[in-house]
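These notes concern the structure reproduced below.
Bear in mind these aren't lab numbers, they're just calculated from the coordinates by the rules spelled out. Just so it is clear, the model here is predicted, and its values are computed rather than measured. Glycine gets a Cβ as well: all are built from the backbone with ideal geometry, and neighbour counts include every protein chain shown.
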Amino acid sequence: MHIARLDGIQIHYRLDGDPDGAPVVFSNSLGTDLRLWDKVIPLLPAGLKFIRYDKRGHGLSECTPAPYSMGTLVSDTEKLMDHLNVRDALFVGLSIGGMIAQGLAAKRLDLVRAMVLSNTGAKIATREMWDERIAGVRAGGIESLADATMTRWFSADFRATDEFAGWRNMLIRQPVEGYVGCSAAISGTDLITPTSGLRLPTLGIAGSEDGSTPPDLVRETVGLVPGSDFALIRGAGHLPCVEKPVEYARILSDFFSRVGHSA
């Protein structure tokens, strides 16, 4: 287990692959921890260095009092990469992780040479929706919204599997303060202008059954970056790396190859 003691926060992270390889950083979604990528990483090309972490208030990272700002979450990631002496990484962000990717690239282009924006947006839903969700979690805990969230996250076929229960458990076992804190960060974020100014290789990935960040939102977001690519994974919801890991890994591997990010 690795814990980075950064300025103001302790962040849990994991390293896989070749310690001397080109770096790939993964940032996961609201309500999940770094196990989100367990199925995908073994399927990716050898010779790369894979870095995963639990964002503030999630997994084994420190949970500070809510609310959080997107700037704080971006800063946490920036400090972790500086702590690990990582530069020119390929950054893969899913949902709020994709928002962190956009914010980090706008702030520190030396850290990000290419990015994958998976199941995310430059702006996700409305402040009113997030305020309602935060109030619901404060009143009834994460369990109170778990079933509705699972319907948005996963296809009907996946919800019928035994594995599905583990993802529901992962969601409801995240700290309430961390879930609320990150929800507040999403609520206050509109990255349309900064993302429109980015000029770096960018790939968008969407799931056809995603009820949280529908394909059109992902396509519109990556379309803000000239020359970006887009891939749709059919039959998958908000977490296609869980439902369709082989296809997800193939799409990532092809992108790594196209942008010359290899061992």
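About the centre of its Cα atoms, the range 50-124 shows a dipole size close to 160 debye [charges on the beta carbon of Lys, Arg (+1) and Asp, Glu (-1) only; nearest 20 debye]. For the range 127-263, the calculated P(r) over all alpha carbon pairs, in 10 Å bins from 0 to the bin holding the longest distance, is 11, 32, 36, 19, 2 percent. Taken over the range 4-77, the percentage of Cα pairs per 5 Å bin, counting from 0 up to the bin with the maximum distance, is 3, 15, 26, 24, 15, 11, 5, 1. Positive end of the dipole of the range 2-258 (Cβ unit charges, origin at the Cα centre): among Thr221, Pro65, Cys182, the Cα lying farthest that way belongs to Thr221. The amide H of Ile233, built 1.01 Å from its N in the peptide plane, has Ala206, Gly207, Ser208 as neighbours under 5 Å, considering only residues 5 or more places off or on other chains. Counting every other Cβ atom within 10 Å of each residue's Cβ, His83, His238, His261 order from fewest to most as His83, His261, His238. The modelled label-to-label distance between Ala160 and Arg5, using points 7 Å beyond Cα along the C-beta direction, is 5.2 nm. Restricting attention to the range 2-258, the count of lysine pairs at 8 or more positions apart or across chains with alpha carbons under 25 Å apart stands at 13. Counting every other Cβ atom within 10 Å of each residue's Cβ, Asp110, Asp54 order from fewest to most as Asp110, Asp54.
Against the empirical curve 2.2 N^0.38 Å, the C-alpha radius of gyration of the range 171-213 lands at a ratio of 1.58. Fewest neighbouring Cβ atoms within 10 Å first, the residues Lys79, Lys244 line up as Lys79, Lys244.
Taking Cα centre as origin and charging only the Cβ of basic (Lys, Arg, +1) and acidic (Asp, Glu, -1) residues, the dipole magnitude of the chain rounds to 300 debye.
State, as an integer percentage, the relative contact order of the chain based on alpha-carbon contacts under 8 Å between residues 6 or more apart.
Worked out over the chain, it gives 23 percent.
When the chain is described by a simple charge dipole with +1 on each Lys and Arg Cβ and -1 on each Asp and Glu Cβ, the residue from Leu44, Gln102, Leu117 located farthest towards its positive end is Gln102.
Considering every alpha-carbon pair of the range 2-258, the percent of pairs per 10 Å bin, from zero through the bin containing the longest distance, is 7, 34, 40, 17, 1. Converting the Cα gyration tensor eigenvalues of the range 21-61 into ellipsoid dimensions via √(5λ) gives semi-axes, longest first, of 21, 11, 6 Å.
Inter-part distance, the range 24-41 to the range 96-154, computed on C-alpha centroids, equals 14 Å. By DSSP, the beta bridges lying fully in the chain are antiparallel in about 30 percent of cases.
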